[in-house]
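Encoded as structure tokens, the structure appears first; notes follow it.
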Amino acid sequence: MHTVAEALEIVLRHAQPLPPVNAPLGPEALGLVLAEDIASDLDMPPFDKAMMDGFALRSGDLRDGQAELTIVEEIPAGKTPAVEVKTGQASRIMTGAPIPKGVDAVVMIERCELLGNKVRVNDPKVLAGLNILTRAKEMRVGEVVLHAGARLRPQEFGLLSTVGRATVRVQKAPSVAILSTGDEIVEPSVKPGPGQIRNSNGPMLLAQVTRAGGVARFLGIARDEADHLRTLIATGLQNDVLLLSGGVSAGKLDLVPGVLAELGVEPLFHKVAMKPGKPILFGVKQSKLVFGLPGNPVSSLVCFELFVRPAIRALMSLPPGPCWVKATLTKDYPYRSDRPTYHPARLQITDAGRSVEPTAWFGSPDLRGVLPANAFVLLPEGDVTHRAGDTMMVLCVENDD
Ligand code: AMP
Ligand code: MG
């Protein structure tokens, strides 16, 4: 049986970045990785520009920071100045407007007093260049302003728009099909009959996939019956990733491994030394990745964070993670297990550093017990009493990055 680290290595070896695609600069592009260098199509700013509302003037006209100047023009943003400013003159100017000829400084309006068609300026700090952003100070035409590999954050959206790019080449976000399995599983809108339970994993995986950056598609619930499973799995295999929930344990009706093999999915591991989530299965069909996640909701949740999220990120050319941090245990915690356990926990970050406290939890079916948690603390195998103050490894699952 593989360790978690070995299993993750196998997954990542098969999760190669998907081919780049063109994407409009809309919500779907947020968080994707740029697959081309971007050069500016203009100088920015495109002209010498006022950075303040005030008066554009010749700094040499001031004596001890003072002057009385004749106003020759008013220049709002968007207007091209028509009048050259001569000695003894000034033009009223707004933030973002082009600087008129003849001037070398802009004095902010708070330092000016209007006297009819004249302005009295009083600012001892005026120097040539004050409050003027010169042409191309930010970027030159032809200059590469973003490199392939950059992640598209809101500020990249702004810069791409500045240089006129409404469509960009990006690393594709994987399509991820989600298939729940089990004769006892019913849709959440249905009141369960005797022996039935609602499909909590489907919506939970859909949310996890979306948060990880994948494009999620829910395929429904497959019955524990080979033909039905085969049909739905074949549909799922048209996506970059297929996530199955349930049917991978050792029960008589755990048909998933057999059907996957029939459909040409090569199994790469089945079972990992971990708790919860031991029966997890991973296989590939060419470049397509298939995860058989154990049906118990917390097993499914933890396996996703440890293996599926890193795979989705790797397919998108992002650093895969998962994110581990060290934190100090807040209380004594005796724990016995034959496998390393990912125990729901509350991670807190204060001025004193990181602390972690396991939350009350009854095992892999207990999804409710996970809700007060924002992380999973790793409890090694064996019979160990962890002590308050011990340093623990903690798996972060709330980070969106
Ligand atoms: P399995 O992995 O199919 O043996 O399922 C293990 C346990 O998880 C069983 O108690 C199932 O009823 C439960 N289970 C399986 N699939 C789901 C699901 N989609 N939502 C909630 N519980 C599930
Ligand atoms: Mg089942």
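A short reminder: the numbers here are calculations on the coordinates, not readings from a lab. No experiment lies behind these values; they were computed from the predicted model shown. Using ideal geometry, Cβ is built from the backbone for each residue, glycine included, and neighbour counts are taken over all protein chains shown.
For region 370-390, a tally of residues being within 30 Å of the chain's Cα centre (by Cα) and either in a strand (DSSP E or B) or surrounded by 16 or more Cβ atoms within 10 Å (Cβ to Cβ) (or both) returns 8.
Every listed requirement among (1) within 16 Å of ligand 2 (Cβ to nearest atom); (2) crowded, with 16+ Cβ neighbours inside 10 Å is met by PRO174 save one, (1). When region 14-29 is filtered for residues that are loosely packed, with under 15 Cβ neighbours inside 10 Å, within 15 Å of GLN155 (Cα to Cα) and touching a helix residue (DSSP H, G or I) at 6+ places or on another chain (Cβ under 8 Å), nothing remains.
Considering region 234-342, the qualifying helices (runs of 4 or more DSSP H), each wholly inside and each with 3 or more residues that are under 30 Å from ARG153 (Cα atoms), run over 297-303, 309-315. Candidates in region 36-53 are the residues that are of a type outside the set (Val, Ile, Thr) and assigned to a strand (DSSP E or B); of these, the one that is surrounded by the fewest Cβ atoms within 10 Å (Cβ to Cβ) is ALA39. In region 25-44, the residues that are touching a residue at least 24 places away in the same chain (Cβ under 8 Å) reach residues that are among the hydroxyl-bearing types (Ser, Thr, Tyr) and assigned to a loop (DSSP other than H, G, I, E, B) with C-beta atoms within less than 6 angstrom, at least six apart or across chains, in these pairs: VAL33/SER317. When the residues of region 233-262 are filtered to those that are more than 14 Å from ligand 1 (Cβ to nearest atom), of a type in the set (A, V, I, L, M, F, W, C) and closer than 24 Å to GLY214 by Cα, the one that is surrounded by the fewest Cβ atoms within 10 Å (Cβ to Cβ) is ALA234. Among the residues of region 157-181, the ones that are among the small types (Gly, Ala, Ser) and in a strand (DSSP E or B) come to 3 in all.
Looking only at region 182-220, how many residues end up being without any contact (Cβ under 8 Å) to a residue 60 or more places away in the chain and either part of a loop (DSSP other than H, G, I, E, B) or within 14 Å of ligand 1 (Cβ to nearest atom) (or both)? Of the residues in region 182-220, 22 are without any contact (Cβ under 8 Å) to a residue 60 or more places away in the chain and either part of a loop (DSSP other than H, G, I, E, B) or within 14 Å of ligand 1 (Cβ to nearest atom) (or both). Looking at THR95, THR87, which is the one that is surrounded by 13 or more Cβ atoms within 10 Å (Cβ to Cβ), in a loop (DSSP other than H, G, I, E, B) and hydroxyl-bearing (Ser, Thr, Tyr)? Just a single option satisfies the conditions, and that option is THR95.
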